[in-house]
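**Student:** Sharing a structure, written as structure tokens. Questions coming.
The values are calculated or read from the model by the stated rules, or taken from the named source; none is laboratory data. Keep in mind it's a predicted model, so treat the numbers as computed, not measured. A quick note on method: Cβ atoms are made from the backbone with ideal geometry, for glycine too, and the neighbour counts reach across all protein chains shown.
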Amino acid sequence: MSTADARKAKIVLNIVRAALIVMIAAGAVWYFVRGNSFSVEAVLSFTPDNYPLAFCFMMLLYVVKTLLVFPPIMVLQIAVGLYFPTLAAILVNIAGVALELSLGYAMGRIIGFDANEKLFRKHPKLLEIVSGTKNRWFISYILRALNMLPIDLVSMYLGTSDYPFGVYISGSLVGMMFGVLAATLIGMSLTDPTSPLFILACALSLTLSGLSCLVYYILTKKRNIQQHGNQNQQ
């Protein structure tokens with residue numbers, strides 16, 4: 001494909017994406033203006049009564065989440081945990097997350113993400129992590145495990161950066177797995193906050209947050225030491 005054709009394709013894809021976002025955003029505005037909210041109860045109230053249709057509906061919500069960026073993913077994951085049986089709920093959320101990660105990556109890879117410098121300025125943690133190691137699988141993993149940056153913006157950035165899809169998706173899924181399991185378990189036991197399952201889910205979520213902070217501290221300290229050593233050599 002020539003450079004001119006590539007530019008035309010990019011323009012068309014941007015127009016299509018913009019049209020989809022405008023349509024979905026208009027629907028979202030109409031929904032919220034009517035006094036509704038994006039909550040677990042709201043998601044479940046629109047969920048079909050049979051599992052195949054419910055699965056398709058949840059996947060559609062994951063797509064909407066990818067395009068609009070802002071809806072909290074935990075609300076969706078908890079709703080899935082409440083609606084589906086245990087194993088099915090975990091698999092549905094894993095499938096949804098994989099779909100969201102793939103769409104974000106594809107948008108970055110095909111359409112491009114021309115705001116990398118702006119993203120680094122707004123989220124300096126991203127620059128610290130990316131510049132701290134050249135292992136792309138680890139970067140894909142740790143950006144998800146730390147859970148400090150918007151999922152979809154990170155997906156678009158990594159797609160734009162030409163990360164191999166297999167490396168990207170495997171690292172990202174492993175990094176998000178504990179969070180997905182914790183949110184799903186919370187949804188499954190939400191009606192009984194005193195149950196061992198709910199307590200386990202909350203403990204898992206808190207442990208994940210603590211480990212993420214610890215890993216980020218170690219990476220930042222390592223990077224600072226390397227920078228200090230480079231300055232001394234100069």
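**Student:** With the condition kept exactly as written, say whether any residue in the range 188-198 is modelled with pLDDT of 80 or more, surrounded by 13 or more Cβ atoms within 10 Å (Cβ to Cβ), among the small types (Gly, Ala, Ser) and within 22 Å of VAL80 (Cβ to Cβ).
**Tutor:** Within the range 188-198 (the criterion being modelled with pLDDT of 80 or more, surrounded by 13 or more Cβ atoms within 10 Å (Cβ to Cβ), among the small types (Gly, Ala, Ser) and within 22 Å of VAL80 (Cβ to Cβ)), the answer is no, since none of the residues qualifies.
**Student:** Quick check: anything in the range 122-137 outside any loop (DSSP other than H, G, I, E, B), touching a Ser or Thr at 6+ places or on another chain (Cβ under 9 Å), among the aromatic types (Phe, Trp, Tyr) and at pLDDT 65 or above?
**Tutor:** yes
**Student:** Answer yes or no as to whether LEU153 is at pLDDT below 75 and in a helix (DSSP H, G or I).
**Tutor:** no
**Student:** Still on this structure, I have one more. What about ILE78, is it among the hydrophobic types (A, V, I, L, M, F, W, C), modelled with pLDDT under 85 and under 22 Å from ARG144 (Cβ atoms)?
**Tutor:** no
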